[in-house]
Amino acid sequence: MKIQFSPHMVLMRWLFPFFVTLLMMLLLDAAWLSLTAQLVYRAQLGDILIPGFRIAPAAAFYLLQALGIQIFAVSRARGFGDALLYGAGFGLFTYATYDLTNWATLKDWTLGLSLADISWGILLTALAATAGYAASRRVARMAGSGKRAKRRSAFS
C-alpha cells in the first residue's frame, strides 16, 4: 500500500519540526541569557555590548540556526540518540566558529568565555535538535507512514 502525501503534509513534515526547534532554542537561550548575560558576558565584555540586542540580526541567527539544525541533525536522525548527537555536533561547529573567531580578534574575549559559550551552544543545539526530531516523529505518526518512527539507530 502506497501512502500519498498532500502538499499540506509535506509542509507539516518540515514546518512543524522547524518551529518546535526554533521555539526550543528561543526558550532555552532566553533562560540562559537572562541568567548569564550580566554575570558572564557583560562582566567580561563591558562596553562593547549594546544595551539589549538588535532584533534583525538576532532573528536571522535563530532562523538560520534552526534551519541548519533541521538540515544537518533532525533530517538525518534515525532515533533520539542520533538527533542529540548530530545536534551536539552542529552546535559545536557553529558555536566554535563564532567563539574562536571572537577569541582570535577581540581583545577582551577570553578562552574561558569561549569554552562556556561553546559548551552552551552544544547543549542548546542538541536539545533543540532532539525536540525537532520528536516533532518530526509526531508528524510522521499523524501521516500514518510510521517509517521514520520505526527506524532505530545504535543510539536510540
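Values in this text are rule-based calculations from the coordinates and carry no lab data. These numbers come from a predicted model, not from an experiment. All Cβ positions, glycine included, derive from the backbone under ideal geometry; neighbour counts span all protein chains shown.
Gaussian network model of the chain, Cα springs within a sub-10 Å range: biggest mean-square fluctuation belongs to which of Phe18, Phe61, Phe80? Evaluated over the chain, the most mobile residue of the options is Phe61. The C-alpha atoms of the chain define a longest principal axis, and helix 7-36 lies at about 30 degrees to it.
For segment 25-74 and segment 98-133, compute the distance between their C-alpha centroids and round to whole Å. The two parts, judged by their Cα centres, are 10 Å apart. Computed from phi, the 3J(HN,Hα) profile of segment 108-122 under the Karplus parametrisation 6.51, -1.76, 1.60 (θ = phi - 60°) reads 8, 7, 10, 4, x, 5, 4, 5, 5, 6, 5, 4, 4, x, 5 Hz, with x in place of Gly and Pro. In summary, the convex hull built on the alpha carbon positions of the chain has an orientation-averaged projected area of 10.3 nm².
Considering only Thr110, Ile55, Ile69, whose Cα is most displaced toward the positive end of the charge dipole of the chain, charges sitting on Cβ of Lys, Arg (+1) and Asp, Glu (-1)? After comparing all options, I get Ile69. Modelled spin labels at Asp108 and Arg54, positioned 7 Å past Cα toward Cβ, are 1.7 nm from each other. When +1 charges are put on Lys and Arg Cβ atoms and -1 charges on Asp and Glu Cβ atoms, the dipole computed for the chain relative to its Cα centre reaches about 1200 debye.
Pairs of Cα atoms nearer than 8 Å and 6+ residues apart set the relative contact order; for the chain it is 36 percent. The simple spin-label model puts a point 7 Å past each Cα toward its Cβ; for Ser34 and Leu64 those points are separated by 2.7 nm.
If exposed means no more than 15 neighbouring beta carbons inside 10 Å and the site is in a DSSP loop, what's the longest run of the chain without any exposed trypsin sites (Lys or Arg not before Pro)?
Working: sites that count: Lys2, Arg54, Arg76, Lys107, Arg151, Arg152.
Of all site-free stretches, the longest is 3-53.
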